[in-house]
Amino acid sequence: MIQAIHRAFDVLEFIAAQEQEWVQLKDIANHLNLNHSTCANLVKTMVVRGYIEKAENQRGYKIGPILKSFSGDSMEQKMQRIVNMAKEPMQILADKLHEGAILTVLSGGKRLIIHEVKKDQELQVINLKEKPVYDSSTGRALVAALNDEELEAFINKYGLPEYEVWPEVEDKEDLMYELNKIRKRGYAQQTSKAHVVGFAVNIVCLGLHASLGVYLPEIRLKDINYQEEILNLLNKTADKITETTNQPNI
């Protein structure tokens, strides 16, 4: 009986970790090393009780209305609250650096911009709303923030970066080495083929992981002192956003 309860919670936690993506039954069973018929029975019971929602096309499952009602704010509501609290600190950051700033989250295998502050410059960076996660400093920072189990699942699902995107990474060992470097120094840095330099730090707000980034043309990265100034302001802004959004009754 206790084992069945543990299995049920394992199923719920795995589905919840997929961030509202539809998860197929075989993926649940394979990830948790469950017999497929046992997994099907667990899932069927939780669908009936409203803890899991079944896709109309019969090909996937995600967290259902019962658990959503327990969790309070939806993912979208939490992101909007974070954006509302991040707007002013990000504007101050952009004004001080005279460069644009973005706030991003993981969305499948991409990094998604949920808020952006732009600055008028003769030469300025145009950020895509969605971009492959390995091909951005904010995306790399977000991947580095995953725990071991989450990272293993992410790599299994989305693979390793292409050589053109991350030349230092040829295999999984290289990727782990690069991610550990990001974790140790506390920020991610990338220079793109278009000579755009990005710096990013991670934020945890309302239980969600986000990444705050600044991008600028490489020609405007003056020296090491300016890089340190960017990182200092990034960290202070991240701390301010975290402090504000994690206050009660915000």
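A short reminder: the numbers here are calculations on the coordinates, not readings from a lab. This is a predicted model, so every value here is computed, not measured. No Cβ is skipped: glycine too gets one built from the backbone with ideal geometry, and neighbour counts run over all protein chains shown.
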Looking across the range 12-46 at residues that are closer than 17 Å to E152 by Cα and among the aliphatic types (A, V, I, L, M), the single one that is surrounded by the most Cβ atoms within 10 Å (Cβ to Cβ) is I15
Just need a number here: residues in the range 155-178 that are touching a residue at least 24 places away in the same chain (Cβ under 8 Å) and within 19 Å of I15 (Cβ to Cβ). 2
Restricting to the range 98-131, give me the number of residues that are more than 23 Å from V204 (Cβ to Cβ) and either part of a helix (DSSP H, G or I) or of a type in the set (V, I, T) (or both). 2
Checked pairs for the range 217-237, first closer than 21 Å to I92 by Cβ, second exposed (fewer than 10 other Cβ atoms within 10 Å of the Cβ), C-beta under 9 Å and 6 or more apart or across chains, list as R220/L123
